[in-house]
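The values are calculated or read from the model by the stated rules, or taken from the named source; none is laboratory data. Just so it is clear, the structure is predicted and the values come from calculations on it, not from any experiment. Using ideal geometry, Cβ is built from the backbone for each residue, glycine included, and neighbour counts are taken over all protein chains shown. Accessible surface is based on the protein model in full, side chains and every heavy atom, while ligands, DNA and RNA are left aside. Shrake-Rupley method; radii C 1.70, N 1.55, O 1.52, S 1.80 Å.
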Amino acid sequence: MSSGSVTIEGSEGINLSARIFRPNDEIKDENLGIILVHPYSVLGGCQALLRGIASGLSNAGYLAVTFDMRGVGRSTGAKSISGFAEVKDVITVCNWVSQNLSVNKILIVGSSAGAPIAGSAVDQVEQVIGYVSIGYPFGLMASILFGRHHKAILQSPKPKLFIMGTRDGFTSVKQLKSKLSSASGRVETHLIEGASHFQMEGPDFDAHMVNLISNFISTL
């Protein structure tokens with residue numbers, strides 16, 4: 001696997017630090033790129049948290065890209081509380097990947113607060129063919145911050161996979177099912193028994209996430 005760091009020029013003069021993970025061996029689908037959106041910037045979320053999943057996906061034959069949203073790491077600009085400014089960062093990276101890496105299909109994967117941010121970008125990028133959420137914060141407290149993002153992904157006709165631990169402290173299984181009951185298009189859920197929100201963000205679950213994402217891609 002060869003991977004490399006790049007700087008992507010974004011909207012509003014913001015530069016985003018990104019990393020490309022390329023498959024070394026057989027490429028499963030040379031037209032597909034997977035873009036991973038990291039957890040909440042305000043609480044220390046950064047692209048390094050998704051490195052394990054990105055490496056695993058590239059070892060599985062997929063091109064994967066991680067990046068730091070505005071105000072994180074070497075990315076310029078300022079973080080926002082609600083994540084709406086960061087939606088532009090996701091769109092910027094999607095457009096850059098499709099233009100510069102010869103990709104015409106994109107899967108967006110969002111982790112924790114990265115899931116609502118990624119979800120708001122899905123229908124704003126034509127090349128996006130599907131969406132995966134790891135621990136979407138649908139609960140009441142989290143909805144104060146991210147509630148205005150819900151509608152975009154729930155109304156999107158594009159295929160969606162929601163992965164969540166049954167002990168997620170931000171969203172109960174009941175809340176997840178209630179939210180998804182009104183969702184458009186193809187919606188899949190995968191519950192991980194006994195796993196908490198932050199456990200699923202840890203390296204112990206990276207291989208499991210890679211398998212779930214790979215299986216979802218094979219159905220698209």
Given all pairs of distinct Cα atoms, the chain yields a Kirkwood Rh in Å of 16.9 Å
Here the residues of the stretch 54-86 lying in the modelled label zone of Leu220, meaning backbone nitrogen under 19 Å from a point 7 Å along Cα-to-Cβ, are 54-67
Checking Val132, Val122, Val187 against a Gaussian network model of the chain (alpha-carbon springs below 10 Å), the top fluctuating residue turns out to be Val187
Comparing Lys177, Lys88, Lys79 in a Gaussian network model of the chain (Cα, 10 Å), the one with the largest mean-square fluctuation is Lys177
In terms of the alpha carbon gyration tensor, root eigenvalues a ≥ b ≥ c, rounded if a/c is under 1.5 and otherwise prolate when a/b exceeds b/c or oblate, the stretch 126-220 is oblate
Residues whose built amide H sits under 5 Å from the amide H of Ala195, excluding neighbours closer than 5 in sequence, are Thr166, Arg167
Karplus-derived 3J(HN,Hα) from phi for the stretch 5-19 (6.51 cos²θ - 1.76 cosθ + 1.60, θ = phi - 60°), whole Hz, x at Gly and Pro, runs 8, 9, 10, 10, 7, x, 6, 6, x, 8, 9, 10, 7, 10, 9
In debye to the nearest 20, the charge dipole size for the chain, taken about the Cα centre with +1 at each Lys and Arg Cβ and -1 at each Asp and Glu Cβ, equals 540 debye
With a 24 Å threshold on alpha-carbon distance, the violating pairs from Lys79/Lys158; Lys158/Lys179; Lys88/Lys177 are Lys79/Lys158; Lys88/Lys177
Of the accessible area of the chain, computed with a 1.4 Å probe and all protein chains kept, carbon and sulfur make up a percent value of 50 percent
Comparing Ser80, Ser182, Ser58 in a Gaussian network model of the chain (Cα, 10 Å), the one with the largest mean-square fluctuation is Ser182
